[in-house]
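Here is the structure we will look at.
Derivation of every value follows stated rules applied to the coordinates shown; laboratory data play no part. Because the structure is predicted, anything quoted here is derived from the model rather than measured.
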Amino acid sequence: MSVLAIRVLGDPVLREETRPLAEVTDDTRRLIDDMFETMYAANGIGLAAPQVGRIERVCVVDVDGAAYALVNPEVVRTTGPKAKAEEGCLSIPDVYGDVERPSCVTVQALDRDGAPFEVTAEGLLARCFQHEIDHLHGKLFLDHLSFLKRRAALARWEEEKDQYPGYIRILKPGGSGSEHPEEEL
Ligand code: NI
């Protein structure tokens, strides 16, 4: 397994629509394993393929030990009241914003072996699923912010982005995650 470089805001791959997979192959499994490794190295709780420069429709999530590899995931149902909470993103380090999303979500996907499954989640896991599936359609949490909050977040990013020449974030060995108390997705 390998820790992959993370693409940060400004890399056009983050705005691309991903390609659904006709089947789960050994290549897909290698990508999934590398994505888990990368996510853990970054102390993240979710990671989507475009964040490592790939356009397969694949993401991984691990919220409090509930780990999922999702291939071709789709939100099939949202229920419950909307909930607002602060989100960050491994592709926009040190930038955070409050995002309102449905509090409960049902997702269908293929697992690492290509078997279909359905999962219903609430709380942080539901939020993480929605954030990652957004990534698979070229959407970032910034897009959910109000005009003013988005402008503030982008101004914050202006101060950070020079640390990532070529829009590449190289993770330091042994974990280099954010010291921010909120988790990044
Ligand atoms: Ni993200």
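Structure summary
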quantity	calculated
Spatial separation of Cα centroids for region 102-157 and region 1-24, in angstrom	15
Rounded to 5, percent antiparallel among DSSP beta bridges of region 6-170	95
Cα coordinate range in region 6-170, projected on the principal axes (Å, largest first)	43, 38, 27
Translational diffusion coefficient (Stokes-Einstein; Kirkwood radius from C-alpha pairs) of region 41-137 at 25 °C, 0.890 mPa s, in µm²/s	181
